[in-house]
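Remarks on the structure that follows.
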Amino acid sequence: MRAIWKGAVSFGLVSIGVKVYSATEEKDIRFHQVHREDGGRIRYKRTCSVCGEEVTYDDIAKGYDIGGGEMVILTDEDFAELPLTTSHAIDVLEFVPAEQVDPILYNKAYFLEPEGSATKPYVLLRDALADSERVAIVKVALRQREQLATLRVREGVLLLNTMLWPDEVRQPDFGFLDEDLKVRPPELAMASSLIDSMAGEFEPDAFTDDYRAALQEVIDAKIEGREVVQPEEEEAAPAAAVDLMAALKASVERARAARGEAPEGGAGEPTPISAARSAQKAAKVTKAPAKKAAEKKATAKKAPAKKAAEKKAEPAKKTAAKKTPAKKAPAKKAAEKKAAPRKTA
């Protein structure tokens, strides 16, 4: 990276020498304007509207139009004489909670690197700022313009965020703000439920610039002389909602389905998603009774056969039990009679 500014952070009576670097960069694919017929570059010439001559950058000054065809011309010397106390300093004004700074005011971000022997006071300010859980409000002059900015800590480095002045933020002036629109409590509750179902932790790396990737693929294909493969079409955006509650309910179920969560218990009108799930559930319920009936029928067929076999076996056992004593009784009496002693005269 190349430093774009050098100066010092003025922190009370402490001065910390720093170098300023752009913290962000645009990744847009840049194009040149060319002639469609032969690809020749289109050049723009800086010409004077009065004399028609081409003008170099050295001969260009800044002019302020005061109306009526009159122009006030300002040169570099005029700007150099302006009393910019922050021309080479980042002047700390106060420390405030970060949530008090409206994000709409943020403009550009810059990294600050300690210069020379300023490393220790730099680290001291960094650690003290991190412990305070606040941001420093500062003034700094960049590119001949004094700007309001914040100073905070990011990944162990002091980060300078330039800000817009309050009068540079436009006030919204739209007709619907004057309309008396009422939101029903059920609609608000359903919208809150949709927000809850889509809640998550912000991870910037999870998001990609799909358009830039597709455009780069087109350029690469042109260079290599191959056919451009069209990317998969994304789902079309839904049409404007006619029934707001139905659209909210469908959105909640869609978000929960995407997360693999079960839908809420079936209150309310069916949506396309809930209707499909209800049909699947009904099919399962229909199959279950049929299965149970078949099992019951099979059990009923087996039971009479088993009882019949048991009933047939019981008489056979009783008959055997009756016959056995009948055979043994005469034999026993005969033996007893034979064994009895005979009487002598």
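The values are calculated or read from the model by the stated rules, or taken from the named source; none is laboratory data. Since the structure is predicted, the reported quantities are computational estimates derived from the model, not experimental observations. Every residue, glycine as well, gets a Cβ built from its backbone with ideal geometry; the counts of neighbours run over all protein chains shown. Surface areas here come from the heavy atoms of the whole protein model, side chains and all, with no ligands, DNA or RNA. Shrake-Rupley method; radii C 1.70, N 1.55, O 1.52, S 1.80 Å.
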Inset, instruction - Name the shape class, rounded, prolate or oblate, that the alpha-carbon gyration tensor gives for segment 104-146, where a ≥ b ≥ c are the square roots of its eigenvalues, rounded holds for a/c under 1.5, and otherwise prolate holds if a/b is larger than b/c and oblate otherwise. - result: oblate
Legend entry - Virtual spin-label span in nm between LEU181 and LEU244, 7 Å along Cα→Cβ: 0.7 nm
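Sequence gap at least 6, Cα distance under 8 Å: using those rules, report the relative contact order of segment 80-187 to the nearest whole percent. Could the numbers behind the result be given before it?
Numbers: 141 pairs, mean separation 34.2, N = 108.
Relative contact order here is 32 percent.
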Legend entry - Highest to lowest packing among 192-200, 169-177, 207-215, scored as the average C-beta count within 10 Å: 192-200, 207-215, 169-177
Legend entry - Burial ranking of peptide ranges 17-26, 2-11 (average Cβ count within 10 Å, highest at the top): 2-11, 17-26
Legend entry - Amide N of segment 144-179 lying under 19 Å from the label point, which is placed 7 angstrom from the Cα of ALA128 along Cα→Cβ: 150-154, 156-160
Inset, instruction - Calculate, for MET1 and ASP78, the FRET efficiency according to 1/(1 + (r/R0)^6) with r their C-beta to C-beta distance and R0 25 Å; round to the nearest 0.05. - result: 0.20
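Ordered by packing density, taken as the mean number of other Cβ atoms within 10 Å over each peptide's residues, highest first, how do 141-147, 51-57, 243-249 rank?
Working: 141-147: 14.3, 51-57: 8.4, 243-249: 16.6.
For the peptides 141-147, 51-57, 243-249, the packing ranking is 243-249, 141-147, 51-57.
Please report the carbon-and-sulfur percent of the accessible area for segment 36-126; probe 1.4 Å, protein heavy atoms only, DNA, RNA and ligands left out. Kindly include the intermediate steps, with their values, before the conclusion.
Values: 3900 of 7430 Å².
Percent of accessible area from carbon and sulfur atoms in segment 36-126: 52.
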Legend entry - Virtual spin-label span in nm between SER117 and ARG226, 7 Å along Cα→Cβ: 6.0 nm
Inset, instruction - Could you tell me the accessible area of PHE111 in Å² (1.4 Å probe, neighbours in place), rounded to the nearest ten? - result: 50 Å²
Inset, instruction - Using a 1.4 Å probe and counting only protein heavy atoms, arrange ASP178, ASP91 so the residue with the most accessible area comes first. - result: ASP178, ASP91
Legend entry - Full-stretch length increase - THR208, LEU164 - with 0.36 nm per residue and alpha-carbon distance subtracted: 13.0 nm
Inset, instruction - Give, in nm to one decimal, the length gained when the segment between TYR106 and ALA199 is fully stretched (0.36 nm per residue of separation minus the Cα-Cα distance). - result: 30.9 nm
